[in-house]
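Novice: This is the structure I have questions about; it appears just below.
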Amino acid sequence: MLKKSDYPIERQAEGYNIPAVESWIEQNISGLVPPFQWRRLEGGHSNLTYRLSDKHNKKVVVRRPPKGILLPKAHDMGREWAIISCLGPTGFPVPSAFGICHDTEITGAIFYVMGFSDGRALTTAQETSDWVPKNRRETLANSFIDTLADLHALDPDEIGLGSLSKKEDYIGRQVKSWYRSWTSSIEPANYDDPRAHKLKEYLVENAPAQGTARVVHGDYGFHNCLVGNESTISAVLDWEISTLGDPLADLAYTLKSWPETVEDITASPAAPTSAGGFPTRSSLAKRYAERTNLSVDKLDFYIGFNHWKSAAIVHGVYARYLEGKKSTKGIDLDELRTRINMSLNAAVLAIDRYKADSSS
């Protein structure tokens, strides 16, 4: 565990007017005594996230969007705040919601303060090996999938999130949005693939009927969870792209890269789930189905959709690099093209499995 000596004092913090923010916290959040020690927390979709420690070593986290011009719905702090505020009282593992500041005069953007949660996010196999004993990895996997199932068991209307977004036709809305991204990126990327168009048509024409809408995280994985000392999920983070939609699509996103075979592990040896000792993708899907009473018979359709969506996302990123909208320093553009191709390959394989199962 970190000791007090591990918390360096940083009186400069990107995107924050420290005196103004500390004054706001002192006036609006009880129990915290500035000045604080500020420490940058990496990750979190480039949002500017800092851990604050007061003189009594009470720790909280402050979070705001990155500086600069943002897309209209990107880095939505108010959305994140609403979600953790509504999920917290249900007992779902999210940081405590302490306060949000909508006055952009304070530090140039909306920011909010939440509780600090112990644990580590896992982004590589080495981090898994270092933090989670092999005999505890099944426990972690079960906690991980049970946490997602518990999220999908919550009724958005009952917990105050019923107006978070549209509820109907989640797959249709997502396909329309990301296909628009793909087509608009073709020219700047100088790259197209007929599979992207064929898959789009199949997804639109064959989407399973959606059941009751639930809160979907949208990016649920070990990278957005904190794993505590007991090898269970202590908190789920990064809710900025969460919406209401089909829980099976959320499950498929989570499991699309989870290994089923030794070959899957060999293909992605650095992934946090490749460290060994974890149950297979199919066993986690079965556990989810038992916990939620939802059928996972059509999971491959949703896995195919998510791989197709991933291809569209990376395609858009690749286009922005080629347009000069993002610096290519340190970026392997060939690797990005490879990722697009691999995602489309995986989408085709998943949809082919789904077709075969549907016809048998």
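Just so you know, all these numbers are worked out from the coordinates, no wet-lab data involved. Quick caveat: nothing in here was measured; it's all calculated off a predicted structure. Note that each Cβ is placed from the backbone with ideal geometry, even for glycine, and that neighbours are counted across all protein chains shown.
Novice: Taking 22 Å as the cut-off for C-alpha to C-alpha distance, list the pairs among 167/309; 309/329; 198/329; 198/309; 200/286; 200/298 that go past it.
Specialist: Details: 167/309 19 Å; 309/329 26 Å; 198/329 34 Å; 198/309 13 Å; 200/286 28 Å; 200/298 17 Å.
309/329; 198/329; 200/286, as the Cα separations exceed 22 Å there.
Novice: Another question, then. Nearest 0.05, what FRET efficiency do residue 157 and residue 23 give at R0 = 51 Å with Cβ-Cβ as r?
Specialist: Given R0 = 51 Å and the Cβ-Cβ separation, E is 0.85.
Novice: Could you check the spin-label model distance between residue 193 and residue 297? Points 7 Å from the Cα along Cα→Cβ, value in nm.
Specialist: It works out to 3.1 nm between the two label points.
Novice: Expressed as a rounded percentage, what relative contact order does the range 156-237 have, with Cα pairs under 8 Å and six or more residues apart?
Specialist: Working: 35 pairs, mean separation 22.6, N = 82.
Computed over the range 156-237, the figure is 28 percent.
Novice: Follow-up question, since we're still on this one. Rounded to the nearest 0.05, what FRET efficiency is calculated for residue 283 and residue 263 with R0 set to 22 Å and r the Cβ-Cβ distance?
Specialist: The calculated FRET efficiency here is 0.80.
Novice: I'd like the orientation of helix 18-28 relative to the chain: the angle between its Cα long axis and the longest Cα principal axis, in ° from 0 to 90, rounded to 10.
Specialist: Roughly 90 degrees between the two axes.
Novice: Return one number: the angle in degrees, 0 to 90 and rounded to the nearest 10, between the long axis of the Cα atoms of helix 299-323 and the longest principal axis of the Cα atoms of the chain.
Specialist: 70
Novice: So which GluC sites (Glu not before Pro) in the range 46-135 are both in a DSSP loop and have at most 16 other Cβ atoms within 10 Å of their Cβ?
Specialist: Numbers: sites: 80, 105, 127; in loops: 105.
Sites meeting the loop and neighbour criteria: 105.
Novice: So what's the angle, to the nearest 10 degrees on a 0 to 90 scale, between helix 170-189 and the longest Cα principal axis of the chain?
Specialist: Tilt relative to the chain: about 90 degrees.
Novice: Most exposed first by the Cβ proxy, i.e. fewest other Cβ within 10 Å, how do 182, 24 rank? Provide the component values of the computation, followed by the final result.
Specialist: Values: 182 23, 24 20.
With the fewest neighbours first, 182, 24 line up as 24, 182.
Novice: Sketch the reach of a paramagnetic label on residue 358 as a point 7 Å from Cα along Cα-to-Cβ, and name the residues of the range 202-223 whose backbone nitrogen lies under 18 Å away.
Specialist: 202-211
Novice: Can you sort 102, 217 so the residue with the fewest Cβ neighbours within 10 Å comes first? Numbers along the way, then the final one.
Specialist: Values: 102 12, 217 24.
Least crowded to most crowded, the residues run 102, 217.
Novice: Let me ask something else about it. What's the local net charge at residue 186, with K and R +1, D and E -1, over the other residues with C-beta under 14 Å away? Provide the component values of the computation, followed by the final result.
Specialist: On the way: positive: 180, 195, 200, 320, 337; negative: 187, 192, 193, 323.
Here the count lands on +1.
Novice: Before anything else, pin down the relative contact order of the chain: Cα pairs under 8 Å, at least 6 apart, normalised by residue count, whole percent.
Specialist: Worked out over the chain, it gives 17 percent.
Novice: Report, in deg cm²/dmol and to the nearest 500, the calculated mean residue ellipticity at 222 nm for the chain, where each DSSP H run with n ≥ 4 adds -39500 (n - 2.57) and the sum is divided by the residue count. The partial results should precede the final answer.
Specialist: On the way: 12 runs with 161 residues, N = 360.
Calculated from helices alone, the mean residue ellipticity at 222 nm is -14500 deg cm²/dmol.
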